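Bear in mind these aren't lab numbers, they're just calculated from the coordinates by the rules spelled out. Predicted model, so just to flag it, every value in this text is computed and none were measured. FYI the Cβ positions are ideal-geometry reconstructions off the backbone, even for glycines, and counts take in every protein chain you see.
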Amino acid sequence: MTTSETTSVVQCLSRCTIKPYYLHISEQIQQKQQQRTCNLTPWDLSFLSAHYMHFGLLFSKTLPSSSGDRNLLSMTAVIDQLKHSLSKTLAHFYPLSGRLITNKQDDPPSYSVSLDCQSDQGVEFIHATTALLTLDDILSPIYVPPFIKSFFAAYDNGDKTTINHDGHTVPLIGIQVTELVDGFFVAASFNHVVGDGNSFWHFFNSWAEISRTATVINDVNCISRPPIIDRWFMNKIQEDQVGDDDDDDNIINLPFSHHDEFIGRYPPLPHLVERIFHFSAESLSRLKTQANSENRWPNEVSSFQALVALVWRSITRARCLHPEQETTCELAIDDRWRLNPPLSKEYFGCYIDILTTATTKRELLNHDLGWAGWTLHKAVVGRTDQNVRKWLSDWIEEPKIFQTRPNNDQACILVGGSPRFDTYGCDFGWGKPLTVRSGWPFKFNGNVLTYPGRAGGGSIDVEICLSTTDMSALECDGEFMSAVQTYPG
C-alpha cells in the first residue's frame, strides 16, 4: 500500500465543537473563567511562529476480561465518552477554548498578543475512520508510516503548515479520533503558545482521568491535578515575587506593527524518514556508567544526558560534515524547575526555552561519550534561576520569536519531549495505550523526540527524523545500535 493510498483512505465522519461543561463549577470560578484575558509571557510569545504540537495514542478495540474472553468496544460509546469527558476537562483547562487576540494602536504605538478566554469558542472534535489500516500497520514498520500525519486535525493553508499565530482564527486545540479496523487513535493538535509538552500531557492525563472515572464520579470538580492557569511573571519591584497576569504592567509590548514581521510559513520538507529507537533501563544504566567513568567528575552525568550525548555523537558521525564544521545540540528545557523557588508542574502554559551547546565535529568525535555528556551537563546546570531571570529581562527588552526554517542547520539536532511525561498513564477506561506517535507537520533533519518507554522501569523511546542517507548511516553506527534494544513497536 503506497503512502498516497493510505493517506486518502482516512475519511472524516463528523466534526463538532466541544465547549467547557460548567454545570458543576462554582459560579465564582465560572465567572472568572468566562471573563479572563490572559497576558502572555516571553516563553509563550517566543513560540508564535512555531508549529502546533501533534501527539496521539493508539488503543485496541478489544479488551481482555477477567473470564479470559475479549470484549469488543463500541466506537459509538467510545466517541460519546470522549466528547463528554473532554467537555468536563475543558472546564478546568478553559484557556484551550479561547483564541489568541492582537491589540494594537498607533498613538501611542503599541502591539501585544494575549489569550482571550471570554470568547469560549470551544475546540474541534473530529471523528474519522479508515477501512484499510490496522494496529499492525502502525506497530510493525521499522519507520513511522507517513499516513500517521492524517490522524491529526490539520488547519493547513495550502502547502504551508499551521503555526501558533493562527490561533487567532483556528482552534487552539483540535482533537481527532481515527477508527482503524481493530483499534483507534486519539490525537491532539495543540497550540504551543498556550502550553508546552508538560501542559500537553497534563491536559491529556486529566482528560483520561475524567473519562475513566465518568461512571463512578459524575462531579466535574474531581481531578487529581487541577491546573494553575495564572501565568508567572517577574514582579518589577521584587523579582522573587509572582506577578498577577491580570496586571496591565505585565502586558508585553512587541516591537512590531504587523505579524508578517515576525512569522514565517514553510512547506513540509521532503525525503525525510522517522524511526523510533528503544533504549532499555539496563542500556541507559550502562551509558550512564560509561559516561561517568570517562568523566573527571563521576556520577554527575545523568542517564538522559548520556543518551542525548550518544544521539548527538552518532548523528554527527552519520552526517558528511567537514571536521571543523560546527555542530549544535539544542535541548528544550523546562524552566519551571530552574526558578527559585521552582514553579509547580501544574503551572499551565509554555515555560520552555531552547538550550544550545555547540562544538566542532572534530572535537565532539575526538573526545569520548563522557566528554559530550559532561558538556551537556554543564549547559543544563548552568540554566540557573539567575540566568532564567536575565533571559526574561533581556527578552522583554529585545523580543526574539523562535523560527523553524526549511533548511534548518544540517549540523544541528533539536531534542524535545521528555521521558518524564506520563504518556502511558493516559488510560481513558480502555487500558494502557499501545504506543505514542507524533504528527508534527514540520520536521527537519535532526528532529529528536523523547518519550518514556512503554515497558516502564526507566526505559526511553527516541524518535529520530533524518534524511534517508543519514538514517542509513546511523543504522550502521556500531556505538549507537549496540545501545538500542531491538523489539517491535
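Couple of notes before you dig in:
- Site pair ILE251 and ARG296 shows an inter-label distance of 5.3 nm when each label is modelled 7 Å from Cα along Cα→Cβ.
- Ranked by how many other beta carbons lie within 10 Å on average, peptides 78-85, 386-393 from highest: 78-85, 386-393
- Nitroxide proxy distance, nm - points 7 Å out along Cα→Cβ at GLU397 and ASP107: 3.2 nm
- When each of LYS61/LYS288; LYS361/LYS432; LYS288/LYS443; LYS19/LYS432 is checked by Cα-Cα distance, pairs over 32 Å: LYS61/LYS288; LYS361/LYS432
- Its residue count N sets the reference 2.2 N^0.38 Å, and the alpha-carbon radius of gyration of the stretch 440-489 equals 1.26 times that reference.
- Pairs of Cα atoms farther than 20 Å apart, the stretch 43-113, %: 62 percent
- Alpha-carbon Debye profile of the stretch 267-307, log10 I(q)/I(0) at 0.24, 0.28, 0.32 Å⁻¹: -0.74, -0.91, -1.06
- Distance between the C-alpha centres of the stretch 247-288 and the stretch 418-489: 17 Å, rounded to the whole angstrom.
- Length gained on full extension, ASP260 to LEU63, computed as 0.36 nm times the residue gap minus the Cα-Cα distance: 65.9 nm.
- Förster-model FRET efficiency, 30 Å R0, MET481 and VAL381, C-beta, rounded to 0.05: 0.50
- Here the stretch 35-159 is treated with +1 on each Lys and Arg Cβ and -1 on each Asp and Glu Cβ, and its dipole about the Cα centre works out to around 360 debye.
- Once the convex hull of all Cα atoms in the stretch 293-427 is built, its volume per residue stands at 163 Å³.
- The stretch 398-489 shape via C-alpha gyration tensor axes, a/c threshold 1.5: oblate
- Global size of the chain: 22.6, 73 Å for Rg and Dmax (C-alpha atoms, Rg to one decimal, Dmax whole).
- Look at the dipole of the chain built from charges on Cβ: of ILE163, ALA483, LEU254, the Cα furthest out on the positive end belongs to ALA483.
- Helix content alone sets the calculated 222 nm mean residue ellipticity of the chain: runs of n ≥ 4 DSSP H residues at -39500 (n - 2.57) each, divided across all residues, give -8000 deg cm²/dmol.
- Restricting the stretch 265-308 to trypsin sites (Lys or Arg not before Pro) that sit in a DSSP loop and have at most 11 other Cβ atoms within 10 Å of their own Cβ leaves ARG296.
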